[in-house]
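Working notes, structure below.
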Amino acid sequence: MFYAQAPELAQFEVWTSMPERWRRPERSDWADANRGGAPVDSFLEGPVFDRHGNLYVADIPWGRVFRIGADREWSLVAEYDGEPNGMKFLDDGRLLITDYKNGLMTLDIASGQVAPYLARRNSERFKGVNDLIFDARGNLYFTDQGQSGLHDPTGRLYRLRPDGGLDCLLDNVPSPNGVALSPDGKVLYLAVTRGNCVWRVPLMADGSVSKASQFFTSYGPSGPDGLTVDEAGNLLVCNPGLGYVWLLNHRAEPLIVWRSPAGASTTNIAFGMDDRRKLFCTESVSGSILCARAPHPGLALARPGSR
């Protein structure tokens with residue numbers, strides 16, 4: 001693979017790790033299906049900050065959501081019968097969760113109560129929803145990954161409109177995972193994990209998609225996962241299996257490659273709230289939160305308010 005200029009190599013630091021009191025080194029249904037039956041004490045994803053600078057992360061196999069304060073102290077917000085993955089704030093008091101087991105769920109931060117938001121489409125269950133993002137108009141884009149892959153390229157990308165209408169934009173994706181929007185909201189980036197790539201999906205004025213293309217091609221045992229965008233329009237790509245986070249320019253050329261010091265499962269990433277140039281990345285297998293400094297601030301995430 002040839003690049004006009006070799007990317008800068010940089011290293012994450014471990015910002016915090018899950019305390020031992022919260023770890024569960026046991027088998028679970030999720031681990032049996034996704035980790036070869038090995039005991040998994042946690043698997044962190046979905047980092048998102050509230051307006052006060054607290055970081056929230058999901059623990060998929062044990063149905064838990066944690067809050068990590070600026071002092072790096074962990075507290076349990078919720079534990080329920082689910083497999084929470086991606087998370088975004090609906091408003092200051094509620095998180096919207098893509099739950100692999102249950103569909104879209106809401107979490108009331110104050111009470112810890114979890115409730116259905118969109119469990120089915122036309123009475124049919126989702127394959128297994130994974131990640132989500134809102135645009136500036138309140139549209140919600142989310143992926144339905146399930147166990148799709150190159151053997152079964154039937155993963156889906158959905159848009160849930162503010163009026164409740166649900167559109168299936170793509171239904172031929174081999175493992176759709178992370179999603180991110182360009183600064184102008186006209187392009188959606190889609191991580192295609194089992195295809196080991198990132199797709200570029202233009203969003204047309206009439207609400208359709210057209211000329212989706214393969215924007216970035218990776219390599220290794222597991223492909224791109226979580227995505228985010230900075231204010232300069234660069235795309236950041238978590239790449240578990242390699243333990244990398246790529247910073248790509250508009251031509252998909254790597255400018256920086258951050259490497260994990262705590263394992264190869266770099267799954268999801270978020271920019272800080274107080275310092276928007278600070279990156280926080282989940283290293284899922286070790287239960288760690290990694291951090292590094294980026295050259296540009298992160299693009300502010302849209303919030304829809306109450307629906």
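The values are calculated or read from the model by the stated rules, or taken from the named source; none is laboratory data. Quantities reported herein were computed from a predicted structural model and do not represent experimental measurements. Every residue, glycine as well, gets a Cβ built from its backbone with ideal geometry; the counts of neighbours run over all protein chains shown. Note: areas computed on protein heavy atoms with side chains; ligands, DNA, RNA excluded. Shrake-Rupley method; radii C 1.70, N 1.55, O 1.52, S 1.80 Å.
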Report task. Please enumerate the residues belonging to region 81-105 that are open to solvent by 10 Å² or more (accessible area, probe 1.4 Å), assigned to a loop (DSSP other than H, G, I, E, B) and within 23 Å of residue 134 (Cβ to Cβ). Result -> 83, 92, 93, 100, 101, 102
Query raised in the report: Does residue 71 satisfy the condition of being in contact (Cβ under 8 Å) with a residue 60 or more places away in the chain and acidic (Asp, Glu)?
Result: no
Query raised in the report: Looking at this structure, is residue 124 closer than 19 Å to residue 57 by Cβ, surrounded by fewer than 17 Cβ atoms within 10 Å (Cβ to Cβ), of a type outside the set (Val, Ile, Thr) and more than 15 Å from the chain's Cα centre (by Cα)?
Result: no
Query raised in the report: Does residue 71 meet the test of being over 16 Å from residue 113 (Cα atoms), surrounded by fewer than 24 Cβ atoms within 10 Å (Cβ to Cβ) and not β-branched (Val, Ile, Thr)?
Result: yes
**Report entry** Subset tally (residues that are in a loop (DSSP other than H, G, I, E, B) and surrounded by 14 or more Cβ atoms within 10 Å (Cβ to Cβ)) for region 50-64
**Finding:** 6
Requested in this report: Would you mind telling me which numbered condition in (1) under 24 Å from residue 240 (Cα atoms); (2) over 19 Å from the mean Cα position of the chain (by Cα) residue 97 fails?
Outcome: (2)
Report summary line: By residue number, the members of region 10-41 that are aliphatic (A, V, I, L, M), in a loop (DSSP other than H, G, I, E, B) and either farther than 22 Å from residue 128 by Cβ or in contact with a Pro (Cβ under 8 Å, 6 or more places away or on another chain) (or both) are 18
**Report entry** Filter pass, residue 216 being open to solvent by less than 30 Å² (accessible area, probe 1.4 Å), of a type in the set (Phe, Trp, Tyr), over 28 Å from residue 89 (Cα atoms) and touching a strand residue (DSSP E or B) at 6+ places or on another chain (Cβ under 8 Å)
**Finding:** yes
Query raised in the report: Being open to solvent by 70 Å² or more (accessible area, probe 1.4 Å) and either part of a strand (DSSP E or B) or within 27 Å of residue 262 (Cα to Cα) (or both), is that true of even one residue in region 42-49?
Result: no
Query raised in the report: Could you say whether any residue in region 18-41 is in contact with a Lys or Arg (Cβ under 6 Å, 6 or more places away or on another chain) and open to solvent by less than 30 Å² (accessible area, probe 1.4 Å)?
Result: no
Query raised in the report: Within the set of pairs 6 or more residues apart or between chains, which connect a residue that is free of Cβ contacts under 8 Å to residues at least 12 places away in the same chain and farther than 24 Å from residue 148 by Cα inside region 108-134 to a residue that is part of a strand (DSSP E or B) and open to solvent by less than 70 Å² (accessible area, probe 1.4 Å) with Cβ atoms less than 6 Å apart?
Result: 115/106
Report task. Can you work out which of the residues in region 155-201 that are assigned to a loop (DSSP other than H, G, I, E, B), over 22 Å from residue 45 (Cα atoms) and among the basic types (Lys, Arg) is most open to solvent (accessible area, probe 1.4 Å)? Result -> 186
Report summary line: Residue pairs within 9 Å by beta carbon, gap of at least six or interchain, first lying in region 241-266 and among the basic types (Lys, Arg), second crowded, with 17+ Cβ neighbours inside 10 Å, listed first then second, are 259/12; 259/242; 259/243; 259/244; 259/245; 259/266
Query raised in the report: For region 267-278, what are the residues that are in a loop (DSSP other than H, G, I, E, B) and touching a residue at least 12 places away in the same chain (Cβ under 8 Å)?
Result: 272, 273, 274, 276, 277
